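A short write-up of the structure that comes next.
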Amino acid sequence: MDAMDYGPSVTPRALATEAVHAGRDDLAGLGLHAPPLDLSTTYPSYDARAEAARIDEFATTGARLEGPPVYARLDNPTVARFEEALARLEGAEAAVAFASGMAALSAVLLARAGQGLRHVVAVRPLYGCSDHLLDTGLLGTEVTWTDPAGVADAIRPDTGLVMVETPANPTLAEADVRALAHSCGSVPLLVDNTFATPVLQRPVEQGARAVLHSATKYLGGHGDVMGGIVACDEEFARTLRQIRFATGGVLHPLAGYLLLRGLSTLPVRVKAASASAAELVRRLATDPRIARVHYPRIGGAMIAFEVYGDPHDVIAGVRLITPAVSLGSVDTLIQHPASISHRIVAEGDRRSAGVSDRLLRMSVGLEDVEDLWRDLTQALSAPPAGPPRATAPAGAGLPDATPRPAGR
Ligand SMILES: *Cc1c(COP(=O)(O)O)cnc(C)c1O
């Protein structure tokens, strides 16, 4: 039986319920509890005429195949369960999964460029590699960078996409999705919702046409699976499926299995980590070693702060917290965006987007908050590697150190 042969639930269900049941509604009927993991690359069929008709149907429409899959680059039942579940969590009609967040963004850009709409309007900051992909025009697209207020004026007849991240990586700057969607008119708005997750924000409900996730982060949640996904309307999903089939950036079924499992704990993970993050922000805000704290209005488990001292000393000084790029795992990670996640963005562009050389980004995990604070505070006091720096006069940092959403 096709994993997608069930309709949406009759009674609307809360997010926490969808997280553990969406994509699994048919299991009890199949006599199963855990979702099956289908690793097949191909599927037997004795009726080649019927296969021909199904392939024609997919080639012309991009609609999901009825019945068993044909070949794993076209469709996979385990991955389809993850897609169904994420679509439900985001309140979207459909979702299409890819090998990574960057493969997902590439597919969106190709989908628009393939329709002759090669121009993209984008708001900085974006994740470093998203910035790089757009700025270099590697896929033949052309970008105009602007702030949210400039989006309407930046749109041209050949604009195929407006892209924003909110809260943005790594400054946690927020954009008003509803206002942006209004500025876009008929041009699709793509929101990278990797940081907020559908637990904190559902951009489709605010007018976004498509939502992008690096599933590698919170959706997987354990730092052991890479993936990407786009939640959107069925019409856009059909184009994305055709691109995925033709270009091959498919999500591996084992990754799909782990991501579906990750979704079931997403709400509890995000809520628990966000509570610890808010507590750390509260302490950092009055800490004289900290020049500025960035934390979005909607909350979340990502925090960023600028230090008076050398950020490299903090990275070198953590013991419990892991000094590593990426985010959204059960354990706490810290990194220096100017050296790592946003290194690939030109220095001037990085700085003007608010990514200061003193900025550290931390993904708060599920450890006890007192243990985290103990490690962070000792790392902040780590002996400087170079000559001592001037410390701020007592109280001088306070007005600036109030936690607040960073403006763009
Ligand atoms: C990591 C990340 C990406 C890229 O995702 P990959 O899975 O690493 O390809 C895109 N957007 C944001 C906000 C990210 O943090």
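The values are calculated or read from the model by the stated rules, or taken from the named source; none is laboratory data. Quick caveat: nothing in here was measured; it's all calculated off a predicted structure. Neighbour counts are summed over all protein chains in view; Cβ atoms, including those assigned to glycine, are modelled from backbone coordinates with ideal geometry. Accessible surface areas use protein heavy atoms only, side chains included; no ligands, DNA or RNA. Shrake-Rupley method; radii C 1.70, N 1.55, O 1.52, S 1.80 Å.
Among rounded, prolate and oblate, which fits the range 200-279 when a ≥ b ≥ c are the square roots of the eigenvalues of its C-alpha gyration tensor, a/c under 1.5 means rounded, and a/b larger than b/c means prolate?
oblate
Ser326 to Val70: extension gain in nm, 0.36 nm per residue of separation minus the Cα-Cα distance? All intermediate terms of the calculation are to be shown ahead of the outcome.
On the way: separation 256, 0.36 × 256 = 92.16 nm, distance 3.48 nm.
My answer for the length gained is 88.7 nm.
Using Cα atoms only, what is the angle between the long axis of helix 253-285 and the major principal axis of the chain, expressed in degrees (0 to 90) to the nearest 10?
Between helix and principal axis, roughly 20 degrees.
Quick one: putting +1 on the C-beta of Lys and Arg, -1 on the C-beta of Asp and Glu, what dipole do you get for the range 267-380 around its Cα centre, in Debye to the nearest 20?
Details: 14 positive and 14 negative charges, 71 e Å.
For the range 267-380, the charge dipole is close to 340 debye.
Based on the mean of other Cβ atoms within 10 Å per residue, sort peptides 135-143, 114-122 so the most packed one is first.
Highest-to-lowest ranking by the protection proxy: 114-122, 135-143.
Using a ≥ b ≥ c from the Cα gyration tensor of the range 19-165 (square roots of the eigenvalues), is it rounded, prolate or oblate, where a/c under 1.5 gives rounded and otherwise the larger of a/b and b/c decides, a/b for prolate? Provide the component values of the computation, followed by the final result.
Numbers: a/c = 2.74, a/b = 1.78, b/c = 1.54.
Since a/c reaches 1.5 and a/b is larger than b/c, the shape of the range 19-165 is classed as prolate.
Which listed residue (Leu139, Phe98, Thr17) has the Cα farthest towards the positive end of the charge dipole for the range 1-159, taking +1 on Lys and Arg C-beta and -1 on Asp and Glu C-beta about the Cα centre?
Of the listed residues, the answer is Leu139.
State whether the chain is rounded, prolate or oblate according to the following rule on the C-alpha gyration tensor (a ≥ b ≥ c being the square roots of its eigenvalues): a/c under 1.5 gives rounded; otherwise a/b larger than b/c gives prolate, and the remaining case gives oblate.
Values: a/c = 2.23, a/b = 1.60, b/c = 1.39.
In terms of gyration-tensor shape, prolate.
Provide the gained length on full extension for the span Arg282 to Leu254, in nm with one decimal, where the gain is 0.36 nm per separating residue minus the Cα-Cα distance.
Values: separation 28, 0.36 × 28 = 10.08 nm, distance 3.94 nm.
That works out to 6.1 nm of additional length.
Any idea which of Val151, Phe195, Gly309 is furthest toward the positive side of the dipole for the chain, if Lys and Arg beta-carbons carry +1 and Asp and Glu beta-carbons -1?
Gly309
Using the Cα centre of the chain as the reference point, and only Cβ charges (+1 on K/R, -1 on D/E), how large is the resulting charge dipole? Debye, rounded to the nearest 20.
Using Cβ point charges on Lys, Arg, Asp and Glu, the chain gives about 740 debye.
Determine, for each peptide in 243-254, 145-156, the mean count of other beta carbons within 10 angstrom over its residues, then list the peptides with the highest first.
The most tightly packed comes first, giving 243-254, 145-156.
What is the chain's relative contact order, in percent, from Cα pairs under 8 angstrom and six or more apart in sequence?
17
Give me the distance in nm between label points sitting 7 Å out from Cα along the Cα-to-Cβ direction at Thr11 and Gln115, one decimal.
3.9
Calculate one ³J(HN,Hα) per residue across the range 223-230 by plugging θ = phi - 60° into the Karplus curve 6.51 cos²θ - 1.76 cosθ + 1.60, and present them in order as whole Hz with x for glycine and proline.
In residue order, the calculated couplings are x, 10, 8, 10, x, x, 7, 10 Hz.
Once amide H atoms are built 1.01 Å from N in the peptide plane, which residues 5 or more positions from Gly227, or in another chain, come under 5 Å H to H?
Excluding prolines and chain starts, which carry no amide H, the hits are Gly101, Ala215, Thr216.
Please sort 367-374, 37-44 by packing, taking for each peptide the average over its residues of neighbouring beta carbons within 10 angstrom, highest first.
367-374, 37-44
With +1 on the Cβ of every Lys and Arg and -1 on the Cβ of every Asp and Glu, and nothing else charged, how large is the dipole of the range 53-211 about its Cα centre, in debye rounded to the nearest 20?
Working: 12 positive and 19 negative charges, 37 e Å.
It comes to approximately 180 debye.
Can you tell me how much longer the chain between Asp47 and Ala346 gets when fully stretched, taken as 0.36 nm per residue apart minus their C-alpha distance, in nm with one decimal?
102.1 nm
May I ask you to give the solvent-accessible area per residue for the range 267-380, in square angstrom, as obtained with a 1.4 angstrom probe?
38
Using a probe of 1.4 angstrom, how much of the accessible area of the range 267-380 is carbon and sulfur, in percent?
56
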